[in-house]
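Below you'll find the structure, written out as structure tokens, and then a few comments.
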């Protein structure tokens, strides 16, 4: 009887037949199908399945790409990796389904806390050890965490190290930062985050912490180093620091702390910005207006707004030509402010000023702008109607009073449209370079990465300006006091979360203000 050939080994040492390749396709598909089945079971059980669900399209694409290989051997090797990854994720999803603790156990542990105190749970965790290798140990850990902090929705890749380490992190913060915190409904750990996605907190309806801490690499690095502006270095576990940082976001969300206090000078002096609000500051502070005194200031500001929005310094003949047509039409401030559509916009602006402006991203403003435009077009035509549209935008989007908006619309009209030479002069100005420098580089590399020196270069009129996120969110802040890390200065929420992590890692002393915050009653 001949020696049996290892087909997997043969795939890398010899030829892979079409039959072998077809078999590998079927096995990869079977593991992906098993993953989907387990995801469906998790969903039906009310257990977070997102960690596994978002891996499915990645695997399906990898399978499709694998079949584009040039040889059967290359296809086989790529499909084998898809199969192994799908199997690992399917196994993890299956274990997650069986990890849920028995509620009788949770009730008994709560009674144990009443009779013997939380130290009794610490003893049980100590008995389990720093690694809960058995499924029964992981069930026990989940039951202990639920009994102590009420966190019943901890999902995802809960390997042997994760739960004991979470327990130790939870012990670092006041109990009511977790127990009864209505801004924390779920904690999810993903060991295979897509595209290197960082950990995050999501408020709104989800109230979710996602710990994108991979199974390898820096997530367990005990020498993760955080450096302040003054050069003070702190070494900490990446896992602990990240977990505490995200808990800080949930605490901030519950307290609405930075929403209420972030504008204060002793809390960074944060302010939400837009290209519209930054462009005039850049034009004034960087001498853009002074360099081109014969050109209308609103059009110069608009030029910089487009640079901030797109990153490119391109000619804008369309916008300038439209503004020139408005000027050539002879429309007056009185004609605009007497228009019913503009008066309608002004009335809505006054109502918003008295009550509250709609949240960014909601359709309310768009609806009001469109309604006012419909009214305006009943009596104005051509270039004068364009002037009315622009004025309405200024009233409802820039929140300008009607008289100011109308006067600004007319003042935008240039005597002529710039030629190629003038466009080149505009593009070469230092204000343009500054606008480009405060934009994100890629998805997440911004001004904050450069620390104090980059912040100094981004400062205008005493404020540091930056694009904070790739979805177009911009902000500015006034102070780098209480510096702990560079990342702290990405946004007001990150400012709080970094200080929160530092405080409960013991870097800031027992009397730091963040340790004195009181959670509202449940």
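The values are calculated or read from the model by the stated rules, or taken from the named source; none is laboratory data. These figures come from a predicted structure and were not determined experimentally. In this analysis, Cβ positions are derived from the backbone assuming ideal geometry, glycine residues included, and neighbour counts consider all displayed protein chains.
Among the numbered conditions (1) in contact (Cβ under 8 Å) with a residue 60 or more places away in the chain; (2) in contact with a helix residue (DSSP H, G or I) (Cβ under 6 Å, 6 or more places away or on another chain), the only one that residue 380 does not meet is (1). The residue that is surrounded by the most Cβ atoms within 10 Å (Cβ to Cβ), among those in segment 89-98 that are free of Cβ contacts under 8 Å to residues at least 60 places away in the same chain and within 11 Å of residue 34 (Cα to Cα), is 93. Checking 313, 265 one by one, the residue that is over 25 Å from residue 177 (Cβ atoms) and either out of contact with any helix residue (DSSP H, G or I) (no Cβ under 6 Å at 6 or more places or on another chain) or buried (at least 22 other Cβ atoms within 10 Å of the Cβ) (or both) is 265 and no other.
Scanning segment 262-285 for residues that are over 13 Å from residue 481 (Cβ atoms) and part of a helix (DSSP H, G or I) turns up 275, 276, 277, 278, 279, 280, 281, 282, 283, 284, 285.
Kindly indicate whether residue 140 is part of a helix (DSSP H, G or I), without any contact (Cβ under 8 Å) to a residue 60 or more places away in the chain and surrounded by fewer than 16 Cβ atoms within 10 Å (Cβ to Cβ). For residue 140, the condition - part of a helix (DSSP H, G or I), without any contact (Cβ under 8 Å) to a residue 60 or more places away in the chain and surrounded by fewer than 16 Cβ atoms within 10 Å (Cβ to Cβ) - is not met. Run residue 398 past the list (1) without any contact (Cβ under 8 Å) to a residue 60 or more places away in the chain; (2) surrounded by fewer than 18 Cβ atoms within 10 Å (Cβ to Cβ); (3) outside any helix (DSSP H, G or I) and report the number of the one that doesn't hold. Every condition holds for residue 398 apart from (1).
Answer yes or no: is there a residue in segment 511-521 that is in contact (Cβ under 8 Å) with a residue 40 or more places away in the chain, in contact with a strand residue (DSSP E or B) (Cβ under 6 Å, 6 or more places away or on another chain) and surrounded by 15 or more Cβ atoms within 10 Å (Cβ to Cβ). For segment 511-521, residues in contact (Cβ under 8 Å) with a residue 40 or more places away in the chain, in contact with a strand residue (DSSP E or B) (Cβ under 6 Å, 6 or more places away or on another chain) and surrounded by 15 or more Cβ atoms within 10 Å (Cβ to Cβ): absent.
Where helices (runs of 4 or more DSSP H) sit wholly within segment 14-83, those with at least 1 residues that are over 32 Å from the mean Cα position of the chain (by Cα), surrounded by fewer than 16 Cβ atoms within 10 Å (Cβ to Cβ) and modelled with pLDDT of 90 or more occupy 18-44.
Every listed requirement among (1) under 27 Å from residue 256 (Cα atoms); (2) at pLDDT 95 or above; (3) surrounded by fewer than 17 Cβ atoms within 10 Å (Cβ to Cβ) is met by residue 422 save one, (1).
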